[in-house]
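Read through the structure below, which is laid out as structure tokens, and then see the notes.
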Amino acid sequence: MARAVYFVTRRRGASGSGRGWHWTDVFTWVWLIGGLFIMFAPAAWLTLSSFKTPAALSEFPPTLLPYVTETVKIAGNDKPLPLYDVTLPDGKMARLVELRRVGTIAQMVDPAAPETIIKVNIKDRKPVQKLHFETSNYTEPFVHFDFLRYLWNSVFVTVTATLITLLVNSMAAFALSKYQFRGQNAVLIVIVGTLMVPLAVIMVPLYSVVSSLGLLDTLWGVILPTVATPTGVFLLRQYMLTIPDELIDAARMDKASEWQIYWRIVLPLSAPALAVLAIFSVVWRWNDFLWPLIVLSRSSLYTLQVGLNVYSGQLNVQWHFILAMTVVTMIPVVLVFVFLQRFIARGIATSGLK
Amino acid sequence: MKANGLLSASQSALMAVVGRLMGIIDVPLRYLQRKTGQTGMAAFFLAPNMAIFTVFVLVPFVINFVYSLTGGSAIFLSERSFVGAEQYSEIFACGNYLDPNSCKQDVFWIAAGNTAAFVVLQVSLMIVAALITALILNREIIGRGFWRAVFFFPVLLSPVVTGLIWRWIFQRQGVLNGVMQGLGLEPHDWLTERNSAFFASIGVSIWAHVGFYTLILLAGLQAIPKDLYEAAQMDGTSRQRVFWRITLPLLMPNLIVVLVLALIKAVQIFDEAFVLTHGGPGTSTMYLVQYIYETGFASELRNPGLAAAASILMGAVLVVLTLVQMAASRRNEKKGAR
């Protein structure tokens, strides 16, 4: 144990040199441990809460883990009845079942001898609880609400938009990196310039454009305006510039068509950059909210994000369903985080894109 | 193992189909290439992206100005009447320019004021937090990759998920009030009281974005040459002096980039704040983008012209910020060249 503590607390170059802990070392670990808690605890709390029953959710103060009160079936009652640990007037403990409650007095019976009713003040009892994961929070919204539909819409939008993005962005990047033509710089300037035109600035006229194309209230109306990403073109172009032109010249000697050069040479060689763009695009499109909210008004077309917003905005929020569906919405992003976080971090650090 | 084999089998089958498809596409494209010549194919490769781009970004950008000069509630431009600068004068019709409530479009000015306050507080607090985190992650700590990932986690979450997570925590019977009661403090209605709802929206958006800016600053810190620090150590320079004289000046270019990026993003605050509070209570967390959205689409008396005018005013602020960024980065380049 002492060795473990030494291992964790030792600092490079500090051992033997007589330098102890500087205040910045303490601050570092306080900040890191605090950060660990603040960054992960909210999502963990959401996930734990999503397994609670509505009764457990309305409890205050809330319990950490999802508990339910244990119940027992008693002859003569249709429903299972809740079980309590009761302190009897003589100081003994007993495990009793509640038949009914009048004010602060509960009528309770021993499950072994259900004939004799014992009157107990509700202050003298505590419910018997057991750990229980309410999985119907997850299945019910899929069966009885449209969430399976929303999930499918989200998947469709994300996959389709990402595939189109990869295709059209890589074609444009190929043209901008491997050809010299008049107006090339103008095209580049226009593309980089539109990085400064966020959705919020053009959403009113964009709505009218999408509406006059007949794309209002369709998933294509969500997909198409997002696919020609300037970031994607820029990222791929920078990468394709590093592919040697000799390769392309050699292919031309062998009578390869331009399309074959793009498809068989440049695209496979750009795989790392395409992978980064694919990851970004999946996260962007999965998380999109404002534009789908504007375009989609038919509820059968909602994406998960829009559906969650609508259901959580109702007067009587059914939190047990909302929490579970929020977890479902979070899952793909958590998977990306666990497996691909390194690539994204590198992509951001080198290009400053998000 | 078996599943793997199946996967790769179906994968190679898919690749074969795609390869065949591309072969078929190649036939008409070879014909096209004979017509246009080698360089002419550049236009073909550019066409799909530029077409989508033109229709969904450039055209809306241009007609936004026309929109802001028309009135009525119709969507199509042809059905809208020309009103000149009326929408703009509507926005600027104020009894007293220091009091948003005296304006005809008081909600616009309230939203603008909220956004300004939000931008100043969120950006300054977030940059300090990102700088501290980046400095700490740049130290020789055990498991640096893990700690970097920790602060990055919320960046990937969708704003709707972020908003709902924190709404669940801040609600009246939520865990925050539970902890406060446990500590003997008075529970508080976080999201239905004006000030706490405003600060909650700031805190949540810092939580969601601080990891992104930390990464950029960390990349900048790691680009500072190590020998500078070694030289300082040999001279026995104090830690504070090293920070103020070496780290901070050399990090300045990255800090400016982060500052302007954060400003541009903060002006456009919408998603997570909207899900967290829906702009309430009252209008205390109503920000500009929500105003534009509601004026243009959501309210009963929708007025797309007014929304367009408001979005152009916001766009002007963003353009100014971007120009500042470009000027700053050019100055940095000049410094670097010297």
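The values are calculated or read from the model by the stated rules, or taken from the named source; none is laboratory data. Since we're looking at a predicted model, the values are computed, not measured. Cβ: placed from backbone, ideal geometry, glycine included. Neighbour counts: every protein chain shown.
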I'm checking my understanding of the structure. Among residues of region A:38-61 that are modelled with pLDDT under 85 and either more than 14 Å from A:L323 (Cα to Cα) or in contact with a strand residue (DSSP E or B) (Cβ under 7 Å, 6 or more places away or on another chain) (or both), which one is surrounded by the most Cβ atoms within 10 Å (Cβ to Cβ)? A:A56
Regarding A:L65, is this residue in contact with a helix residue (DSSP H, G or I) (Cβ under 9 Å, 6 or more places away or on another chain) and modelled with pLDDT of 85 or more? no
Within region B:279-293, considering residues that are in a helix (DSSP H, G or I) and in contact with a Gly (Cβ under 9 Å, 6 or more places away or on another chain), the one nearest to A:G307 (Cα to Cα): B:Q290
Condition test on B:L306, is it crowded, with 18+ Cβ neighbours inside 10 Å, in the same structural domain as B:V161 (by TED's automatic domain parsing) and part of a helix (DSSP H, G or I)? yes
Quick one: which helices (runs of 4 or more DSSP H) lie wholly within region B:18-127 and hold at least 3 residues that are in contact with a helix residue (DSSP H, G or I) (Cβ under 6 Å, 6 or more places away or on another chain) and modelled with pLDDT of 80 or more? B:41-53, B:59-67
Output the residues belonging to region A:151-166 that are in contact with a helix residue (DSSP H, G or I) (Cβ under 8 Å, 6 or more places away or on another chain) and farther than 14 Å from A:L224 by Cα. A:L151, A:N153, A:S154
Considering each of B:T133, B:T162 in turn, give the residue that is surrounded by 21 or more Cβ atoms within 10 Å (Cβ to Cβ), within 14 Å of chain A (Cβ to nearest Cβ) and over 30 Å from B:L250 (Cα atoms). B:T162
Look at A:A250 and say whether it is more than 34 Å from the chain's Cα centre (by Cα), in a loop (DSSP other than H, G, I, E, B) and more than 26 Å from A:I344 (Cα to Cα). no
Could you tell me whether region A:87-110 includes any residue that is touching a residue at least 40 places away in the same chain (Cβ under 8 Å) and farther than 30 Å from B:Q173 by Cα? no
Qualifying positions in region B:294-303 - more than 7 Å from every other protein chain (Cβ to nearest Cβ) and assigned to a helix (DSSP H, G or I): B:E294, B:T295, B:A298
Could you look through region A:234-247, keep only residues that are in a helix (DSSP H, G or I) and of a type in the set (A, V, I, L, M, F, W, C), and pick out the one that is nearest to A:Y207 (Cα to Cα)? A:F234
If B:E140 satisfies every condition in (1) surrounded by fewer than 16 Cβ atoms within 10 Å (Cβ to Cβ); (2) under 30 Å from A:P54 (Cα atoms); (3) at the interface with chain A (Cβ under 8 Å from one of its Cβ atoms) but one, which is the exception? (2)
Name, by its number, the condition in (1) surrounded by fewer than 16 Cβ atoms within 10 Å (Cβ to Cβ); (2) under 30 Å from A:A56 (Cα atoms) that does not hold for A:E140. (1)
Do we find that A:M196 is within 10 Å of another protein chain (Cβ to nearest Cβ), free of Cβ contacts under 8 Å to residues at least 24 places away in the same chain and not acidic (D, E) in this structure? yes
Taking region A:295-311, which residues are closer than 22 Å to A:L213 by Cα and either among the aromatic types (F, W, Y) or touching a Gly at 6+ places or on another chain (Cβ under 7 Å) (or both)? A:V295, A:Y302
Conditions (1) farther than 30 Å from A:M330 by Cα; (2) in contact with a His (Cβ under 7 Å, 6 or more places away or on another chain); number of the one not met by A:N137: (1)
Scanning region A:265-293 for residues that are over 21 Å from the mean Cα position of the chain (by Cα) and touching a residue at least 12 places away in the same chain (Cβ under 8 Å), the one surrounded by the most Cβ atoms within 10 Å (Cβ to Cβ) turns out to be A:S270
If you take the residues of region A:295-306 that are surrounded by 22 or more Cβ atoms within 10 Å (Cβ to Cβ) and part of a helix (DSSP H, G or I), which of them is farthest from the other protein chains (Cβ to nearest Cβ)? A:V295
Only one of A:A251, A:A256 is surrounded by fewer than 23 Cβ atoms within 10 Å (Cβ to Cβ), at the interface with chain B (Cβ under 10 Å from one of its Cβ atoms) and free of Cβ contacts under 8 Å to residues at least 60 places away in the same chain, namely A:A256
Checked against (1) buried (at least 19 other Cβ atoms within 10 Å of the Cβ); (2) more than 10 Å from chain B (Cβ to nearest Cβ), A:M330 satisfies every condition except (2)
Condition first: surrounded by fewer than 19 Cβ atoms within 10 Å (Cβ to Cβ), free of Cβ contacts under 8 Å to residues at least 24 places away in the same chain and in a helix (DSSP H, G or I). Can you find one or more residues in region A:220-233 that meet it? yes
